[in-house]
Amino acid sequence: MRTDTPQPVRLSDYRPFPFQIETTALAFQLEPAATRVRATLAIRRSGAAAEPLFLHGERLKLISAAIDGEVLGANQYSLDGEGLTIHQVPDAFTLTTEVEIDPSANKALMGLYISGGRFCTQCEAEGFRTITFFPDRPDVLSRYTVRIEADQRFAHLLSNGNLVESGELDDGRHFAVWNDPFPKPAYLFALVAGELDVLEDRFTTMSGREVALKVFVDPGQAPRAAYALDSLKRAMKWDEEAFGREYDLDLFMIVAVRDFNFGAMENKGLNIFNSSLLLAAPETATDQDYERIESVVAHEYFHNWTGNRITCRDWFQLCLKEGLTVFRDQSFSADMRGEAVQRIKDVKALRARQFAEDAGPLAHPVRPSSYLKIDNFYTATIYEKGAELIRMLKTLLGAEIFRQSLDLYFARHDGEATTVEAFIACFADASGRDMGDFFTWYEQAGTPTVSLAHAYDEAAQALEITLAQSTAPTPGQSNKQALPIPVTIGLLDVEGQALRDSEVVLLDGPSKTVRWDGVAKTPVISALRGFSAPVNLSTDARPADRYIQFAADADLFNRWEAGQTLARALILGRTAGVPDEVGEERYADALGRALVDDASDPAFKALLLPLPSEGDLSLAVDPVDPAAIHAARDHLKARIAVHLGDLLRRLHGDLQGDGEFSPDARAAGRRALRNGCCDLLAADPHAVNVDRVVGHFQSAANMTDAMGGLSALVQIGGPPAEEALAAFHARWREEPLVLDKWFAVQARDPGEGAIGRILALTAHPDFDAGNPNRLRALVQGFSSGNPAQFHDESGAGYRFLADQILAVDGFNPMTAARLVEPLGGWRRYIPALGERMREQLQRIAGHAGLSKNVLELVSRALD
Ligand code: B3K
Ligand code: ZN
């Protein structure tokens, strides 16, 4: 273990910056290995008189610094690894600095770097300080003017705001000047320079302003940006209708880059996207890709108001923009694709990522109070649980007051860098309610458990429901308070008919009992409808009640949930040594009936097919034995495949598409159901089914079906899988985004001995750890998507992951840190495995020169 412990940043230490940067003029002379950046800052003191000026700056070669034109002598400033301190400065002055940087050597992909021969930037959270000396903190807002000069082979020169001037220079160079009229924090700065193709369109805002829309992509790729552009226009319109938010510049640009640490970035007027979340064509992108593109394009666009116009005072307030913006993109997707289907997908993702995070050593509140590296806090808790808190506000206050509260927030804080307290105050003021208790949701980590017990008095026609809550301790928080939990409850009768409509019961203490009169029949309780709060619910319902819900609950979320609950109990019963064969048949029967229910749509039926994931199942047991879970889950899957074989084959045949590909929700839903059938049939791999799966793959007319077939074949294994993988590689070797899928599908191979083949893929000529998409496809595909192999008893999976983390940490700490999580939960595993996971964490921790990013996560995991 290293001994030089870096100091955490604490929320309680927040101090305003003692100066204002009124304007920022940047001049870039772009050269791949030696870019010059001149910054001219108009600065005015707003704090105490004697305070020196500190500007962040890392890996910058200082060429010169001058105040009001006077070059600073070496005794007037000091420079260290974190920045530049100028000891004495006037109250109002102009600071000019010139630095040199080397974008071509930047493999961390933060700041200014080169991807595919083009310059691009990523500044959130703290990348701007590697571009120039500046107060790189979100509460320092400034108006930017940016002049870019470069060789003309970098044909497009882009930055935030509006283009004010451009032209040619001598020596084959050219320039462009951009001005962004909106004050912004440095993390929203962006610059792109390179040869790009552009797809253009226009949008007229609700007040009649014309906005030019431009999506920039690799030469030749413009047709693949059409879906993103269409999504953008729908998102712009939707935000006007749903939230009254209008776009504010004359131009909105998106640029796609291949090397990007995460999904996309909301830079003012110039979003930068990972190309995987922007480019789509039926033959190269799956329906899931289309769906993600639609939601991420919307997400980044929505940030223009929730994040850019109103930003965060400090990084502890990250959920202020992220949780709220995720809620907004989820609401948009629900309107585009159907509310229940979207909710089920969102809750699956929440459970898979956030509940797992909350159950381990990396648990933290939605608003944390300290960190070593803020990069490590772009987590499912901040994003997904953050969005759940916004959803609960809407449930608790009602749609109308919710909207009024947000209108107040936009009016009151436009142009500011603010806090979660100020945000919640808008809800209190608009509703006239005390929101003090609700704030606990932001400060308390952990997933609450809510238990429900009921008593029905037939003679009195009265139902009593008792709810109780508890939250297990999390690191650093041993005592938990009760939270205000909205539990939406409706009643069914045993025939599945509605007995009482949904009602929100607020559990606002450790427990609460409600009595409902006039309940004329024995009720089946449908609780936590729509997943009204991010909690684990345990109830006194019997399996018979769940079957009624599975068949008929009017709340489609709970209909799906009932199926998952039944399946989870069957699988975990088998792992616990109490298999229930009759129950398994009964479950398969019920699933079969749900699949032929004409009243429900294919997209919803497709969600009924997959059993709870191994990750989901592992959250319900202690200690976790991944091999046992895998075997029991496979057993149930095979059983369903056998039991429903005829039906699955019939559906698979009936759903075969014939016409043109359309990415819309209806067509995607049909493909999802057909691919789900294919996946299940692969669990019963007799010749008829294998032929069908091979046929599915070979006749695929789009990437959704090709991947559905390929993944089912990998599940079956043997020669058909090998042939399909080879054919797929041969066909798509020149398409990086498709090749990522080829790596990912193999990483998820659960077959006997797959681990050796997966590890060997790092030596494949197409593997490139420097590209985050490729790295994640293989390494995360394996460590998070293939529990059975990752937890191989030899410990080889853990060793492999640790090797990758250490290798990547040498050049891209942020991405390396994102790989740590699967080892973090070591305490929850059976000792033979947990001990091996811990050994690897210790090995990483002991590595000389480890980044702060990885150090923080492995230390927390080992603590
Ligand atoms: N705000 C960016 C995420 C930046 C991550 C920095 N480590 C994308 C988004 O959430 O919209
Ligand atoms: Zn975001």
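Here are a few things to note about the model shown:
- Residue count for segment 292-303, restricted to those that are open to solvent by less than 10 Å² (accessible area, probe 1.4 Å) and more than 11 Å from ligand 2 (Cβ to nearest atom): 3
- Those residues of segment 400-421 which are under 25 Å from the mean Cα position of the chain (by Cα) and of a type in the set (A, V, I, L, M, F, W, C), in sequence order: F402, L406, F410, A417, V420
- Residues that are part of a loop (DSSP other than H, G, I, E, B) and under 30 Å from P448 (Cα atoms) do occur in segment 594-610.
- Tally of residues being farther than 28 Å from L279 by Cα, open to solvent by 10 Å² or more (accessible area, probe 1.4 Å) and outside any helix (DSSP H, G or I) across segment 663-718: 5
- Verdict on H303 being within 22 Å of E124 (Cα to Cα) and within 11 Å of ligand 1 (Cβ to nearest atom): yes
- Checked across segment 220-241, the condition of being under 25 Å from P103 (Cβ atoms), crowded, with 21+ Cβ neighbours inside 10 Å and not small (G, A, S) holds for no residue.
- Hits in segment 304-326 (condition: polar (S, T, N, Q) and part of a helix (DSSP H, G or I)): Q317, T325
This table checks each residue for (1) buried (at least 21 other Cβ atoms within 10 Å of the Cβ); (2) more than 16 Å from ligand 1 (Cβ to nearest atom); (3) outside any helix (DSSP H, G or I); (4) in contact (Cβ under 8 Å) with a residue 24 or more places away in the chain.
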{"residue": "N376", "(1), (2), (3), (4)": "yes, no, no, yes"}
{"residue": "E384", "(1), (2), (3), (4)": "yes, no, no, yes"}
{"residue": "T395", "(1), (2), (3), (4)": "no, yes, no, yes"}
{"residue": "L408", "(1), (2), (3), (4)": "no, yes, no, no"}
{"residue": "A411", "(1), (2), (3), (4)": "no, yes, no, no"}
{"residue": "W441", "(1), (2), (3), (4)": "yes, yes, no, yes"}
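- Residue list for segment 453-497, filter: basic (K, R) and either surrounded by fewer than 17 Cβ atoms within 10 Å (Cβ to Cβ) or touching a residue at least 40 places away in the same chain (Cβ under 8 Å) (or both): none
- Taken over segment 238-267, residues that are of a type in the set (K, R) and more than 19 Å from E210 (Cβ to Cβ) amount to 1.
- Unique match (being free of Cβ contacts under 8 Å to residues at least 40 places away in the same chain and acidic (D, E)) among D180, D139, D201: D201
- Scanning segment 111-133 for residues being within 16 Å of ligand 1 (Cβ to nearest atom) and within 15 Å of N160 (Cβ to Cβ) gives a total of 9.
- Filter result for M265 (within 24 Å of R309 (Cβ to Cβ) and more than 16 Å from ligand 1 (Cβ to nearest atom)): no
- Taking the criterion of being of a type in the set (A, V, I, L, M) and either free of Cβ contacts under 8 Å to residues at least 60 places away in the same chain or more than 23 Å from L11 (Cα to Cα) (or both), the residues of segment 413-434 that qualify are A422, I424, A425, A428, A430.
- Matching entry among D314, D346, D289 (being open to solvent by 20 Å² or more (accessible area, probe 1.4 Å), of a type in the set (D, E, K, R) and within 16 Å of ligand 1 (Cβ to nearest atom)): D346
- Inside segment 258-275, residues that are hydrophobic (A, V, I, L, M, F, W, C), in contact (Cβ under 8 Å) with a residue 60 or more places away in the chain and open to solvent by less than 10 Å² (accessible area, probe 1.4 Å) make up a count of 4.
- Note on segment 195-219: among residues that are part of a strand (DSSP E or B) and touching a Ser or Thr at 6+ places or on another chain (Cβ under 9 Å), the one that is most open to solvent (accessible area, probe 1.4 Å) is E210.
- Positions within segment 614-662 being in contact with a Lys or Arg (Cβ under 8 Å, 6 or more places away or on another chain) and not in a helix (DSSP H, G or I), in sequence order: L619, A620, D622, P623, V624, L655, Q656, G657
- Count - residues of segment 629-658 that are of a type in the set (D, E) and buried (at least 18 other Cβ atoms within 10 Å of the Cβ): 0
- Breaking point among (1) part of a helix (DSSP H, G or I); (2) touching a residue at least 12 places away in the same chain (Cβ under 8 Å); (3) more than 10 Å from ligand 1 (Cβ to nearest atom), for A334: (2)
- In segment 207-226, the residues that are more than 15 Å from A281 (Cα to Cα) reach residues that are among the polar types (S, T, N, Q) and not in a strand (DSSP E or B) with C-beta atoms within less than 7 angstrom, at least six apart or across chains, in these pairs: V211/T205.
- Odd one out for D180, checked against (1) assigned to a helix (DSSP H, G or I); (2) buried (at least 20 other Cβ atoms within 10 Å of the Cβ): (1)
- Residue within segment 355-375 that is outside the structural domain of Y187 (by TED's automatic domain parsing), among the β-branched types (V, I, T) and within 18 Å of A445 (Cβ to Cβ) present: yes
- Criterion: touching a helix residue (DSSP H, G or I) at 6+ places or on another chain (Cβ under 7 Å) and among the acidic types (D, E) - qualifying residue of D679, D658, D646, D691: D679
- The single condition among (1) within 16 Å of ligand 2 (Cβ to nearest atom); (2) assigned to a helix (DSSP H, G or I) that I401 does not satisfy is (1).
The values are calculated or read from the model by the stated rules, or taken from the named source; none is laboratory data. Every value quoted in this text rests on a predicted model; they were computed, and no experiment measured them. So basically every Cβ, Gly included, is an ideal-geometry build from the backbone, and we count neighbours across all protein chains shown. Keep in mind that these areas ignore ligands, DNA and RNA; they rest on the heavy atoms of the full protein, side chains included. Shrake-Rupley method; radii C 1.70, N 1.55, O 1.52, S 1.80 Å.
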